[in-house]
Amino acid sequence: MLLKIVILLLVLAGGFLLNLCLGEIFVSPSQACQAVMGAPPLGLEPGIYEMLWQIRLPRLLAAFVVGTGLSISGYLLQALSRNYLADPYLTGVSSGAGLAVVLASMGSLDFALLPVAALAGGLVASLIVAFMSSTSSGLSITRLLLSGVAISAICGSLITLLLTCATGAVRAQGLLFWLSGSISGRGWAELTPAAFWVGAGTIAAFILSKPLRLLSLGSHGAAALGLNVALAQWLILATAVVLCGAAVSLSGLVGFVGLIAPYLSRQLFGRDERVHLVTTACLGGMLVLLSDLAARTLAPGQELPLGTLLSLIGAPFFLWLVLKQKGEGL
């Protein structure tokens, strides 16, 4: 397994390097590495050095933060629901966060505060879902998924109404592009607050690794081993909300990362929860990194929506997974 982890880290490092080098202006790998390490390398124009530090580097870090947040959030929700087809969208977290960000943007809220708005929206949506799915013995997984789908539909409809009726055409188009998934134009100011919340959520996920392991035995089995099942479920749900809300505030509604990365991690890296959290974060970050690279290089002179590209990858994967799991009760 160690060899697999080393290969994964090398591929991730290659993804970082590709995002630094490729674009409308090509930068050689050696110059990119020298620029990231400090002073401008010889032969590199100062403007290109500034481009690397002020545009490409924060953008690739934003892609990794988004991938990390969504993938770990998906892993937690799958562990909570014991359903490998679950991701942040099934609980209404992403749509609630997206609705809050649209409302905040229409109110001209400072971009640095958008993660807070996204967290609040995701929290409200998840609390509604959790209230509807709560029972005397904890959360009903079936109710959690069904009510999450309903909340997602309501939030999506409200977003459409707001974009149609309450904004100017230019502003609506910008918000619509952002909601379709994009990290274009993200700099250090936008990255910092989202990275803080994703970091905090990741630490919390590691702390919850033991409850995650116990919950894999089922609610009754975990309770028999002394776990406070209801408390553990609420803490896992809250951590997933923090991670997803921070990611949505940075990239808009990006789907399927929280489905693909956890599944691949489970298939490739054994059964240890802490290893899964690390590899899931790396796989999710790499997926968004490479998708964002494709979004800004496939069509010269324009940028494709990141969320659309990931949907083209994720939707067929989801259908394949549904067929693969058919008859297994998932």
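Looking at 12, 61, 76 in this structure, which one is within 21 Å of residue 284 (Cα to Cα), in a helix (DSSP H, G or I) and in contact with a Cys (Cβ under 7 Å, 6 or more places away or on another chain)? Answer to the check: 12.
Filter region 216-227 down to the residues that are surrounded by fewer than 19 Cβ atoms within 10 Å (Cβ to Cβ) and part of a helix (DSSP H, G or I) and list them by number. Listed by number, the residues that qualify are 220, 221, 223, 224.
Considering (1) on the phi < 0 side of the Ramachandran plot; (2) touching a residue at least 40 places away in the same chain (Cβ under 8 Å); (3) small (Gly, Ala, Ser), the lone condition that residue 47 does not fulfil carries the number (2).
Residue-wise test of (1) touching a residue at least 12 places away in the same chain (Cβ under 8 Å); (2) surrounded by fewer than 19 Cβ atoms within 10 Å (Cβ to Cβ); (3) not in a loop (DSSP other than H, G, I, E, B).
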| residue | (1), (2), (3) |
| --- | --- |
| 254 | yes, no, no |
| 267 | no, yes, yes |
| 279 | yes, no, yes |
| 282 | yes, no, yes |
| 292 | yes, no, yes |
| 303 | yes, yes, no |
| 319 | no, yes, yes |
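Say we look at region 277-323 and pick out the residues that are of a type in the set (S, T, N, Q) and farther than 29 Å from residue 207 by Cα; which of these is farthest from the chain's Cα centre (by Cα)? It comes out as 302.
Of the residues screened, residue 54 is not one that is over 27 Å from the mean Cα position of the chain (by Cα), in a helix (DSSP H, G or I) and more than 30 Å from residue 218 (Cβ to Cβ).
Within region 280-304, being modelled with pLDDT under 90, over 14 Å from residue 184 (Cβ atoms) and among the β-branched types (Val, Ile, Thr) holds for no residue.
From the list 246, 189, 230, the lone residue that is touching a Gly at 6+ places or on another chain (Cβ under 6 Å), touching a residue at least 12 places away in the same chain (Cβ under 8 Å), part of a helix (DSSP H, G or I) and surrounded by fewer than 24 Cβ atoms within 10 Å (Cβ to Cβ) is 230. Summed over region 1-33, residues that are over 17 Å from residue 63 (Cβ atoms) and surrounded by fewer than 19 Cβ atoms within 10 Å (Cβ to Cβ) total 15. When we screen 235, 225 for residues that are free of Cβ contacts under 8 Å to residues at least 40 places away in the same chain, under 22 Å from residue 89 (Cβ atoms) and more than 18 Å from the chain's Cα centre (by Cα), the only hit is 235.
The values are calculated or read from the model by the stated rules, or taken from the named source; none is laboratory data. Remember, predicted model here, so these are calculated numbers, not experimental data. Heads up, the Cβs are rebuilt from the backbone with ideal geometry, glycines too, and the neighbour counts pull from every protein chain shown.
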